[in-house]
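The structure appears below as structure tokens.
Throughout, read-outs are computed from the coordinates displayed, never taken from laboratory work. Fair warning: this is a prediction, and the values are worked out from it, not measured in the lab. Ideal geometry is used to build each Cβ from the backbone, glycine not excepted, and the neighbour counts take in all protein chains shown.
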């Protein structure tokens, strides 16, 4: 069983997300579109430094983090307790920024910057452009993204604060948090060894915080118990509570920034390739190919591993291209934007349990249909076979791989994508309501 454990862990899970750091591409534009008709649209806030936020709310934060730790211990199964010396009340010898980062168990070497991410085709001057290399803990190719620098005291609209922040966890907040990662803080945090994937791969270390396998069959958990050690739920609890605290304290900027951070993990769970180990295949097949690999029959294992990874990338690159094209021509792209903004009123009440019991379950279920649709939309099989090299190509053309919108082959895929994006929009609005509620 130990060997099965090891092999199933590596099957599809991590390699499916390694080529790119995130789930959906450009959370900021997804969030901006989904929330553009909400009460955030005309609300402005003054930027406050994280240091000032911590110093001015020390007593309240001590109480909040103590209550948060107690709640997580009682409600999150197999929760790894925060080491006492890292608690907000105990760890006062470091800077205010590191104090709160370490109490949250995020990357304390991640540099907090104050900035705005532009929406596609933005025409207004954004100010001084900030290179992505100055934001990301580890730089990757972010095609078409533009960032504009701000400082404490500047005014920003609340929608831009939240939408910009919803992309930020992919820039390095969750890198190096396990004891077998190459970081000084991973050895202190108490998460143990990395749940799955190769701990030597820098961006790979964030996967257990951005992928939530809450709805796999019992046979999978029996073969690979570490699949239960995933932490999107922890992040949504942490950041929703911080957002509510900040709002009550009159710290509106940090309320919306925390909301954006937490929304990222919820949206990740709405991506089928982050809610399921191997979309398109059964749990029994997952275990079977792992067993064959142990026995020396590597073909089925390698084939399914590559297929999951390549389809994951195809979905994300298509989603990004379609989203950006919609902003270039809103008349033609109206169907995509309308899906995110809500074709119907699905603004239900959000609950933390939705992450695993509802959002994740629906996303996992969609995995079978999206896997089949992606298989049928491939136009050039040779190009698809080398799609892992396309991500880092500037000016890449995803339609060299897949059929374009308007073609007959694209229609089934579009229908499924619209359903997925409608869920992203609906849950984003529900999240906003939840964080703003008393």
(request) Could you pull the Rg and Dmax for the range 143-230, using just the Cα atoms, both in Å? (result) 17.2, 54
(message) Could you list 148, 434 so that the one with the fewest beta carbons within 10 Å of its beta carbon is first and the one with the most is last?
(response) 148, 434
(message) Full-extension gain between residue 284 and residue 249, please, as 0.36 nm times their residue separation minus the C-alpha to C-alpha distance.
(response) 7.5 nm
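Compactness ratio of the range 180-237: Cα Rg over 2.2 N^0.38 Å, N = residue count?
That ratio works out to 1.17.
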(request) Mind giving me the nanometre distance, one decimal, between the label points for residue 184 and residue 44, set 7 Å out from Cα along Cα→Cβ? (result) 4.1 nm
(request) Quick one: grab Rg to one decimal and Dmax as a whole number for the range 363-438, Cα atoms only, in Å. (result) 16.3, 54
(message) Test of understanding: ordering 146, 44 by Cβ neighbours within 10 Å, fewest first, what list do you get?
(response) 44, 146
(request) First measure r as the distance between the Cβ atoms of residue 113 and residue 62, then evaluate 1/(1 + (r/R0)^6) with R0 = 22 Å and state the FRET efficiency to the nearest 0.05. (result) 0.25
(message) As an exercise, use a Förster radius of 22 Å and the Cβ-Cβ distance of residue 332 and residue 379 to find the FRET efficiency, rounded to the nearest 0.05.
(response) 0.65
(message) Quick check: convex hull over the Cα atoms of the range 100-161, volume per residue in Å³, rounded to an integer?
(response) 115 Å³
(message) As an exercise, use a Förster radius of 45 Å and the Cβ-Cβ distance of residue 139 and residue 75 to find the FRET efficiency, rounded to the nearest 0.05.
(response) 0.75
(request) Name the most mobile residue of 37, 382, 255, meaning the one with the largest mean-square fluctuation, in a Gaussian network model of the chain with Cα contacts below 10 Å. (result) 382
(message) Which log10 I(q)/I(0) values does the chain give at q = 0.08, 0.11 Å⁻¹ under the Debye formula, counting every alpha carbon as one identical point scatterer?
(response) -0.42, -0.83
(message) Give me 167, 70 sorted ascending by neighbouring Cβ count inside 10 Å, so fewest comes first.
(response) 70, 167
(request) Find the centroid of the Cα atoms in the range 226-277 and in the range 171-221, then give the distance between the two in whole Å. (result) 17 Å
(request) Report the normalised scattering of the range 66-149 as log10 I(q)/I(0) at q = 0.12, 0.20, 0.25 Å⁻¹, calculated by the Debye formula with identical scatterers on the alpha carbons. (result) -0.57, -0.90, -1.15
(message) Quick check on the chain: helices-only [θ] at 222 nm, where DSSP H runs of length 4 and up contribute -39,500 (n - 2.57) each and the sum goes over total residues. Nearest 500, please.
(response) -15000 deg cm²/dmol
(request) Only Cα pairs under 8 Å and at least 6 apart count here; give the relative contact order of the range 74-227 as a rounded whole percent. (result) 19 percent
(request) Can you tell me the equivalent ellipsoid semi-axes for the range 128-286? Use √(5λ) from the Cα gyration tensor, largest first, whole Å. (result) 31, 18, 16
